[in-house]
Amino acid sequence: MINKDTKQKLSGLTVLLHWVVGLVIITLEVIGVYMSENEVFTLYPIHKSIGVLIFVVIVIRIYWRFVNGWLQPAANYTKIEYNLSKIVHWVLIIATIVMPISGFIMSGAGGYGVSVFGLEIVAANFDPVAKKAIAHNAALASFMSGTHANAGWTMIIAIFLHLAGAIKHHFMDKDSTLKRMLGKRI
């Protein structure tokens, strides 16, 4: 049986899911911004493939968090710090759901299709003469494109706040929050 989290030690599953989702999402954010800012279309298939796969891990992570319960703070914090922490965590949870879903719908509805490393999930709809995607639902694709972009920038802000909180806990508060997220007993 998998151990549940305690105030003193997080389960191996919690630590693994946190770091896998966190590092993959950060990587996808960097790639996503780079792709869109520089129109590097060759990266889209890998971005979509990893996005679909990490969504499965995200669902497992969220399920585990709700089954396991919220983490207990490693130390005593002010009400403002505690509430800010909750807000940032909720934003991260919601954004990790919204990002892959909106990207999936945007690509599918936009006629670009979705495949995972060559395995087609949603067929592309290309005009062979014009060599352009024909949207199945242009309005939905456009809405999801905006949702994907807004959720992405919101997540970037939340990630920076999350990282700032971790640094504050470790260096200023000198508590064991970061050590616990690395799997150590506190």
Residues (part of a loop (DSSP other than H, G, I, E, B), touching a residue at least 60 places away in the same chain (Cβ under 8 Å) and open to solvent by 50 Å² or more (accessible area, probe 1.4 Å)) located in region 41-76: LEU71, GLN72
Candidates ALA74, ALA95 - the one that is among the hydrophobic types (A, V, I, L, M, F, W, C) and over 30 Å from ALA135 (Cβ atoms): ALA74
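Quick grid of which residues meet (1) of a type in the set (Ser, Thr, Tyr); (2) over 12 Å from the mean Cα position of the chain (by Cα):
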| site | (1), (2) |
| --- | --- |
| ILE46 | no, yes |
| ILE62 | no, no |
| THR78 | yes, yes |
| ILE121 | no, yes |
Selection from region 145-186 of residues at positive phi and part of a helix (DSSP H, G or I) yields none
With the first residue restricted to region 78-107 and required to be in contact (Cβ under 8 Å) with a residue 12 or more places away in the chain and closer than 17 Å to ILE26 by Cβ, and the second required to be of a type outside the set (S, T, N, Q) and open to solvent by 70 Å² or more (accessible area, probe 1.4 Å), Cβ contacts under 6 Å at 6 or more apart or on different chains are VAL88/LEU161
Members of region 15-40 that are closer than 19 Å to VAL91 by Cβ and open to solvent by less than 60 Å² (accessible area, probe 1.4 Å): LEU17, HIS18, VAL21, GLY22, VAL24, ILE25, LEU28, GLU29, GLY32, VAL33
Single condition ASP173 does not satisfy, out of (1) under 13 Å from the mean Cα position of the chain (by Cα); (2) open to solvent by 60 Å² or more (accessible area, probe 1.4 Å): (1)
Suppose we filter region 29-44 for residues that are among the polar types (S, T, N, Q) and over 21 Å from the mean Cα position of the chain (by Cα); how many remain? 2
Exception for LEU10 within (1) surrounded by 15 or more Cβ atoms within 10 Å (Cβ to Cβ); (2) of a type in the set (A, V, I, L, M, F, W, C); (3) part of a helix (DSSP H, G or I); (4) touching a residue at least 60 places away in the same chain (Cβ under 8 Å) falls at (3)
Regarding ALA109, is this residue buried (at least 16 other Cβ atoms within 10 Å of the Cβ) and more than 21 Å from GLY165 (Cβ to Cβ)? yes
Give the residues of region 93-122 that are touching a strand residue (DSSP E or B) at 6+ places or on another chain (Cβ under 9 Å) and in a loop (DSSP other than H, G, I, E, B), sorted by residue number. GLY110, GLY111, TYR112, GLY113
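The values are calculated or read from the model by the stated rules, or taken from the named source; none is laboratory data. These numbers were taken from a predicted model, which means no experiment stands behind them. Don't worry about glycine lacking a Cβ; one is built from the backbone with ideal geometry, like all the others, and counts go over all protein chains shown. When the accessible area is computed, the model is the full protein with side chains, heavy atoms only, and any ligands, DNA or RNA have been set aside. Shrake-Rupley method; radii C 1.70, N 1.55, O 1.52, S 1.80 Å.
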